[in-house]
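Report on the following structure.
The values are calculated or read from the model by the stated rules, or taken from the named source; none is laboratory data. Just so it is clear, the structure is predicted and the values come from calculations on it, not from any experiment. We place every Cβ from the backbone using ideal geometry, glycine too, and count neighbours over all the protein chains shown. When the accessible area is computed, the model is the full protein with side chains, heavy atoms only, and any ligands, DNA or RNA have been set aside. Shrake-Rupley method; radii C 1.70, N 1.55, O 1.52, S 1.80 Å.
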Amino acid sequence: MRDSNILQIFTSLSLPGNSTQCVISPSSEFPEGFFTKQERADGGIIIYFLIILYMFMAVSFVCDEYFLPSLEIISESFGLSQDVAGATFMAAGSSAPELVTAFLGVFITKGDIGISTILGSAIYNLLGICAACGLLSNVVSTLSCWPLFRDCVAYAISVAALLAIIFDNQVYWYEGTLLLLIYGLYVVVLCFDIKINQYIIKKCSPCCTCLAKAIEERSEQQPLMGWEDEDQPFIRRQSRTDSGVFHEDSGYSQLSLSLHGLSQVCEDPPSVFNMPEADLKRIFWVLSLPIIILLFLTTPDCRRKFWRKYFVITFFMSALWISAFTYILVWMVTITGETLEIPDTVMGLTLLAAGTSIPDTIASVLVARKGKGDMAMSNIVGSNVFDMLCLGVPWFIKTAFINPSAPVEVNSRGLTYITIFLNISIVFLFLAVHLNGWKLDRKLGVVCLLLYLGLTTLSVLYELGIIGNNKIRGCG
């Protein structure tokens, strides 16, 4: 499996006396396909395309029917606000493939952290997913300043810490521990999110009247009000003074209202085996029936009263299935790219970077379509923080318990290039949201898409040696 930010798909090697790099084919880390290259070229590639589409549908189904409902109940049980839930449990669950890949990279494939995966996936996570949320949602969500600022700062710190640790191409046990401590501190900040937010507002309001006015307007808005005509794009405004997902007056969960609707809050949802009435939906239902049966037999549906108390099992099982489906998806994408003779470095910066982030993309788009902009944005940035800092888990285990006498060897080539592009992405995302009036809409989606395409194009040109002196050839 490939990682967004964790496992180097391409092992970059510096040749003595030569600036040329060689990259190992990413397909070498997967099992052999069920067709030869010639059979794929003769038409077998169509089967791979169909499997890719089916895996997209499978991940979408798991997220919508199991993962997000379990997240709803977790948020309700811990009294988490939407943005905190998005930055923690949602980020961890949708990034399960990356965590699994981290262990594979350290203990099995011995992969490095390379410029292709870190740069490509990080830019996609920040700009590509934001573009998808804006373009694929007919809902205009009003964003809060503090959650985005908090997560962007945390991500910038995590990037700086990671680059400092791998600067000497070696990772020791105390450096892995440092990453875990930083992520632990981030979680502590999230636990006291409301108090920290109120303190900052109190200190900043006297010197920033626009901030005070925005906070005052936001606090006066009722959490369940502010809906426009259902047939038109609307703005769902949320109060940052609400520290939980339950409201005293209504007794209903905000996430329940957004994900399932008022009519379904007090009763079980329809059975997944009920055939839809619309013809198109029936076709998709029949095609997804194997997935429906598989998940029905292995994962409790916590939306139902009987299984509601098993929401933790639902969360972990859905994360496990997301990882499995994503593995197959990226495997098929890798073989397809090799068959179409797409250069490996281009694959890492584009198709594979996006492929490993499919769970994050689908989860963020689904909640954005329900008006949960803060949760979507916190998942986008929070997933990157989780990916970066949870590298410390396999690193710490290997250097502290498996092989204490030797550090983990990594390759830090291209640190400056990575830092510049990541900082551009972080700063631009925050400024773009600010200049857009703190709204997640199609305008912001278009701008993020254009910048993502621009930065990715520059990255591809650099990797191919068209700009700069980064020459690449195939190993062997």
Matching residues in the range 133-155 (open to solvent by less than 10 Å² (accessible area, probe 1.4 Å), small (G, A, S) and in a helix (DSSP H, G or I)) number 1
Scan the range 419-444 for residues that are over 13 Å from L143 (Cβ atoms) and open to solvent by less than 30 Å² (accessible area, probe 1.4 Å) and report the count.
4
All-but-one check, R308 against (1) under 30 Å from G44 (Cα atoms); (2) surrounded by 13 or more Cβ atoms within 10 Å (Cβ to Cβ), failing number (1)
Got a sec? Which of I194, I201, I182, I166 is modelled with pLDDT of 85 or more and either open to solvent by 50 Å² or more (accessible area, probe 1.4 Å) or assigned to a helix (DSSP H, G or I) (or both)?
I182
If the requirement is being over 19 Å from D64 (Cβ atoms) and either open to solvent by 10 Å² or more (accessible area, probe 1.4 Å) or over 13 Å from the mean Cα position of the chain (by Cα) (or both), which of these qualifies: V381, V346?
V346
Selection status of V171, buried (at least 20 other Cβ atoms within 10 Å of the Cβ) and in contact with a strand residue (DSSP E or B) (Cβ under 6 Å, 6 or more places away or on another chain)
yes
Is it the case, given these coordinates, that V187 is free of Cβ contacts under 8 Å to residues at least 24 places away in the same chain and within 18 Å of S383 (Cβ to Cβ)?
no
What are the pairs with Cβ atoms under 8 angstrom where one residue, in the range 435-461, is farther than 18 Å from F149 by Cβ and the other, located anywhere, is outside any helix (DSSP H, G or I) and open to solvent by less than 50 Å² (accessible area, probe 1.4 Å)? Sequence gap at least six, or different chains.
D441/V140; D441/S141; K443/N436; V447/N436; T456/T350; V460/T350
Count - residues of the range 365-378 that are surrounded by fewer than 24 Cβ atoms within 10 Å (Cβ to Cβ) and among the basic types (K, R)
2
Show me the helices (runs of 4 or more DSSP H) found entirely inside the range 43-132 where at least 3 residues are more than 30 Å from G454 (Cβ to Cβ) and at pLDDT below 80.
96-107
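One line per residue, one yes/no per condition, for (1) closer than 24 Å to D42 by Cα; (2) part of a helix (DSSP H, G or I); (3) out of contact with any helix residue (DSSP H, G or I) (no Cβ under 9 Å at 6 or more places or on another chain); (4) open to solvent by less than 50 Å² (accessible area, probe 1.4 Å):
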position: F316; (1), (2), (3), (4): no, yes, no, no
position: I322; (1), (2), (3), (4): no, yes, no, yes
position: L329; (1), (2), (3), (4): yes, yes, no, yes
position: M332; (1), (2), (3), (4): yes, yes, no, yes
position: I335; (1), (2), (3), (4): yes, yes, no, yes
position: E341; (1), (2), (3), (4): yes, no, yes, no
position: P359; (1), (2), (3), (4): no, yes, no, yes
Considering (1) under 21 Å from the mean Cα position of the chain (by Cα); (2) modelled with pLDDT under 85; (3) of a type outside the set (D, E), say which one L148 fails and leave the rest.
(2)
If K309 passes every condition in (1) touching a residue at least 24 places away in the same chain (Cβ under 8 Å); (2) among the charged types (D, E, K, R); (3) assigned to a helix (DSSP H, G or I) but one, which one does it miss?
(1)
